[in-house]
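First up is the structure itself, then whatever we jot down about it.
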Amino acid sequence: ARALLKPARGGEGPHGAYPLFVLAALAVYGAAAGVSIVRQRRSELARTLDWRPLLLIAAGAALHVLLAEPAGFIVAAAVLFCLIARAFDARHPLRDAACASGFALSSYALFHYALQLPLPAGVLGAWL
């Protein structure tokens, strides 16, 4: 837990318990929503639930966490956005990849340049 409270490179980044509080609240809310759905439709859910979108979203979140520092925010976010788009509609892979890359680059520009909040540049650092 101590590593999560350390500031990012250059002394900037999350400080204190606030980021952990937000992460814990999201995890509790997600678990509660999942339990609620399972309780409401226990038998119906097991027959009709398509696990592919759920697995794609989970894989996107896991890859984002694993890639954020070594590959950089833009690459990690593009992977996340692309997998989430594929979870909702798998018919247009090139469109999904293009939109995901655009959103990731726009998000990076917003946070890094407009809000002055540094994000990991990763492999694209030389070009940014």
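Which helices (runs of 4 or more DSSP H) does the stretch 20-128 wholly contain that include 3 or more residues that are surrounded by 14 or more Cβ atoms within 10 Å (Cβ to Cβ) and modelled with pLDDT of 80 or more?
51-67, 73-88, 93-109
Just the residues that are part of a helix (DSSP H, G or I), modelled with pLDDT of 70 or more and either among the polar types (S, T, N, Q) or more than 17 Å from the chain's Cα centre (by Cα) (or both), please, taken from the stretch 9-19. Show your work before the answer.
Quick first cut of the stretch 9-19, residues part of a helix (DSSP H, G or I) only: 9-11, 18-19.
Filter once more, so that each one left must be modelled with pLDDT of 70 or more: 18-19.
Within the stretch 9-19, Y18 is the sole residue that qualifies.
The values are calculated or read from the model by the stated rules, or taken from the named source; none is laboratory data. This is a predicted model, so every value here is computed, not measured. Heads up, the Cβs are rebuilt from the backbone with ideal geometry, glycines too, and the neighbour counts pull from every protein chain shown.
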